[in-house]
1. Relative contact order for region 88-196: what percent, with Cα pairs under 8 Å and sequence separation of 6 or more?
2. Over 28 Å apart: what share of the alpha carbon pairs of the chain falls there, rounded to a whole percent?
3. With axes computed from alpha carbons, what is the tilt in degrees of helix 92-108 against the longest principal axis of the chain, rounded to the nearest 10 within 0 to 90?
4. Could you state how much accessible area Asp92 has, in square angstrom rounded to the nearest 10, with a 1.4 Å probe and all protein chains kept in place?
5. Which sequence of Lys45, Lys34 reflects their accessible areas, 1.4 Å probe, from the largest down?
6. Using the alpha-carbon atoms, what tilt in degrees (0 to 90, nearest 10) does helix 54-65 show relative to the longest principal axis of the chain?
7. Once every DSSP H run of n ≥ 4 in the chain is given -39500 (n - 2.57) and the sum is divided by its residues, what mean residue ellipticity at 222 nm do you get, rounded to the nearest 500 deg cm²/dmol?
8. Using only Cα atoms, tell me the angle between helix 192-203 and the longest principal axis of the chain; keep it within 0 to 90° and round to the nearest 10.
Amino acid sequence: MKIYLSPSDQVRNLYAYGDTNEAAQCRRIASACKAALERNGFDVKTNFADGTNAMYERVNESNAWGADLHICIHTNAGGGRGCVVFVSKNADKQLSYAQPVFDEINAITPYRSAYGIREKQFYEIRNTTGICLYCECEFHDSPDLARWITENTTALGEAICRGVCRATGKKYIGKGSDDDMVRWNKIDDIPDAYRGMAQRYIDAGALRGKGNGELDLTEDMLRVMEIMRRYFEGEA
């Protein structure tokens, strides 16, 4: 599935905390979201350009690429609190993506939202060929919420990813989870820097693998084994 992320380019929308702005923080959210989506097997593109033509360039890029899902990432203003996700219309296909994304963002923000899913006809919503979700993650015009956003951009990116995973029926793979770790099953899979270590344990009979011969090693496992060896052999 192709997902295009379009973070706000609104550098003049200033935050009430942290001498920052909407564009800067939404790029951070988008960066975290991109990493999370790619970890979960999605094909992702984004664009961090500023300027009056940025929005139009992103729509053109998204459409030319054939994005299935176009996600706009913004933060809000106007004295409220809580998130909202805008869609073109409350059709089943729109809601099947919008509702889980809204739910996941809403679950981590400081205040539960009274807004939910709403219809709007913003330019990107009207003109993208893929399903467009326009996420307003939280309000940035109060100091406490602006601070919360700046301290939780990674969490917001992961939340959007969790919502997309739910919408597409994928099991969400969290950062650093067992599923996220690269596992080496054969000696040839192991990078040069670690292969000699692993071969030493194989030759000594300490590393035999599973019944089918798969080593099932991760970098962290091999590091721990090597640290323990050095400790007990007096090298540490």
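The values are calculated or read from the model by the stated rules, or taken from the named source; none is laboratory data. Values in this document were obtained by computation on a predicted structure and should not be read as measured data. Here the Cβ is made from the backbone with ideal geometry for all residues, glycine too, and neighbour counts use every protein chain on show. We work out accessible area using only protein heavy atoms, side chains counted, and drop any ligands, DNA or RNA first. Shrake-Rupley method; radii C 1.70, N 1.55, O 1.52, S 1.80 Å.
1. 31 percent
2. Summing the P(r) tail past 28 Å for the chain gives 42 percent.
3. So the helix axis and the longest Cα principal axis differ by about 70 degrees.
4. 130 Å²
5. Heavy-atom accessible area, descending, gives Lys45, Lys34.
6. In the chain, helix 54-65 runs at an angle near 60 degrees to the longest axis.
7. -14000 deg cm²/dmol
8. It works out to around 40 degrees.
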